[in-house]
Amino acid sequence: MKSIIIAAGYATRLGELTKNFPKPLLKIGDNTILGRMLDDIDTIPEVDEHIIVTNHKFAPIFEAWAKEQHYTKPLTIIDDGTETNDTRLGAVCDLLLAIEHIDKVQDSMSQRLNVSTSQPSHDLLVLAADNLLFFSFQEFVDFAKQKGTSCIMCHEQPSIEKLQRTGVIVMDENNRVLNMEEKPQQPKSHWAVPPFYIYRKEDLDLVRHSVENGCGKDAPGNLAHYMVEKTTMHAWPMSAGRFDIGSLDTYYEACEKFG
């Protein structure tokens, strides 16, 4: 399994703080937002590489940061070539860049070993890079292994206003996702979807062709919505909370709570 961190945004809502610096590398206490997440993911036995997709503006900062890290799994930085918020590729296209990288590495390895393969041999753990979590991603990985399908996370959200700003799912008694809507005006449930996903290798061909078949590009939830209609997916209810750092207020609150 590869962990893929989507970190190519420009965090315009944080103003001057992220004008020339990436939000995932902001400090909270003696660590960064991203570092706190990777500290957990690096302990997952199934994960064998961390791939971080960023933009051209922040790529040198991520490269310098990566050289100072000492994770047990290799850390790869991918530059998506964009330099402004207006020209950003979108989270789904950034994920496709990471898959392209994995394919190229596997093709090169296959040529050296003189074997042929048409599918990547890795599942993907896909994550947004701006959350603090109060649980381990190991629980999510174990759930996906038990179900044997691609999976998303979910959590109960009582606020209708907040549900109208996120992905919302309907699932059955076995946690199979029956329906997903992005930012619905009339939510069909209180199950909100945070930006954490597992895509099995058997479903990656659907992912590769998602954008050309009409999938939205901007938010990672666009892909989950697309995939729910194409393949079987299950949803894991988060076992604890998370802290979404989306504004200056929430960043300073996180610093006060956890720094």
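Rule-based calculations on the coordinates, nothing more; no lab input. On a predicted model such as this, the values are computed, not experimentally measured, just so you know. Quick reminder, even Gly has a Cβ in these numbers, built from the backbone with ideal geometry, and neighbours come from all protein chains shown.
Things to note:
- Translational diffusion coefficient (Stokes-Einstein; Kirkwood radius from C-alpha pairs) of the chain at 4 °C, 1.567 mPa s, in µm²/s: 69 µm²/s
- Sparse-neighbour loop sites [GluC sites (Glu not before Pro); the range 168-217; at most 13 other C-beta within 10 Å; DSSP]: GLU173
- Shape summary: the range 166-259 maps onto an equivalent ellipsoid whose semi-axes, from the alpha-carbon gyration tensor, are 27, 17, 14 Å in decreasing order.
- Helix runs (DSSP H) in the chain reaching 24 Å along axis by Cα, Kyte-Doolittle at least -1.0: 91-113
- Full extension of the chain segment joining GLU229 with ASN85 gains 48.9 nm, where the gain is 0.36 nm per residue of separation less the Cα-Cα distance.
- Overall dimensions of the range 1-147 by Cα: Rg and Dmax, Å: 15.9, 52
- With a Förster radius of 51 Å applied to the beta-carbon distance between GLU16 and LYS201, the computed FRET efficiency rounds to 0.75.
- Inter-site label distance for SER136 and ASP48 at 7 Å from Cα along Cβ, in nm: 2.1 nm
- A dipole drawn for the chain from +1 and -1 charges on Cβ atoms has a positive end, and of LEU14, PRO45, GLN186 the residue lying farthest that way is GLN186.
- Exposed trypsin sites (Lys or Arg not before Pro) absent - longest run of the chain, DSSP non-H/G/I/E/B, at most 16 other C-beta within 10 Å: 20-164
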